[in-house]
1. Pick from GLU87, GLU98, GLU104, GLU91: which is farther than 17 Å from LYS14 by Cβ, acidic (Asp, Glu) and surrounded by 12 or more Cβ atoms within 10 Å (Cβ to Cβ)?
2. Return the pair list, or none, for Cβ contacts closer than 9 Å from residues in the stretch 36-59 that are among the acidic types (Asp, Glu) to residues that are surrounded by 13 or more Cβ atoms within 10 Å (Cβ to Cβ) and part of a strand (DSSP E or B), at least 6 apart or on different chains.
3. For the stretch 52-63, does any single residue satisfy the condition of being of a type in the set (S, T, N, Q), part of a strand (DSSP E or B) and within 16 Å of TYR109 (Cα to Cα)?
4. Can you tell me which residues in the stretch 66-104 are within 15 Å of the chain's Cα centre (by Cα) and either over 15 Å from ALA17 (Cβ atoms) or among the acidic types (Asp, Glu) (or both)?
5. Can you tell me which residue is surrounded by the most Cβ atoms within 10 Å (Cβ to Cβ) among those in the stretch 21-45 that are under 21 Å from ASN5 (Cβ atoms) and touching a Ser or Thr at 6+ places or on another chain (Cβ under 6 Å)?
6. Please verify whether LEU117 is at pLDDT below 90 and over 17 Å from PRO4 (Cα atoms), treating the condition exactly as stated.
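The values are calculated or read from the model by the stated rules, or taken from the named source; none is laboratory data. Here the structure is a predicted model, which means the values were calculated and not measured. Don't worry about glycine lacking a Cβ; one is built from the backbone with ideal geometry, like all the others, and counts go over all protein chains shown.
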Amino acid sequence: MSEPNAGSDVVSMKCRADRVDGGYVLNGNKMWCTNGPVANTLIVYAKTDTTAGSKGITAFIIEKEMPGFSTAQKLDKLGMRGSDTCELVFENCFVPKENVLGQEGKGVYVLMSGLDLERL
């Protein structure tokens, strides 16, 4: 969920998902993604409506082999060196509509449900 210029302020994210025939095209970056370099499947949040605040965020299931998706440099950390961390890059990455997790515009609910479980 974190981005280079927004940190963990989800509403300030710049990663966009523009609706196209059959799905969405994602453009943007995500930072400090734990296990990003080794993951085959990821959940990514992007804005589908830039005017709707938190109600304009949608969750997507991203597969490692999707064209337009890549991982950038592995990031060094002070702790937790047992898990790799990297930046995720989306450059005109097509995501089929079947890969929307939940509903369009309801990504914050998906995000919060995961964070609530992590707090237990």
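1. Of GLU87, GLU98, GLU104, GLU91, the one residue that is farther than 17 Å from LYS14 by Cβ, acidic (Asp, Glu) and surrounded by 12 or more Cβ atoms within 10 Å (Cβ to Cβ) is GLU104.
2. ASP49/ILE57; ASP49/THR58
3. Scanning the stretch 52-63, I find at least one residue that is of a type in the set (S, T, N, Q), part of a strand (DSSP E or B) and within 16 Å of TYR109 (Cα to Cα), so the answer is yes.
4. SER70, THR71, ALA72, THR85, CYS86, GLU87, GLU91, GLU104 - these are the residues of the stretch 66-104 that are within 15 Å of the chain's Cα centre (by Cα) and either over 15 Å from ALA17 (Cβ atoms) or among the acidic types (Asp, Glu) (or both).
5. GLY36
6. Working: at pLDDT below 90: yes; over 17 Å from PRO4 (Cα atoms): yes.
Answer is yes for this residue.
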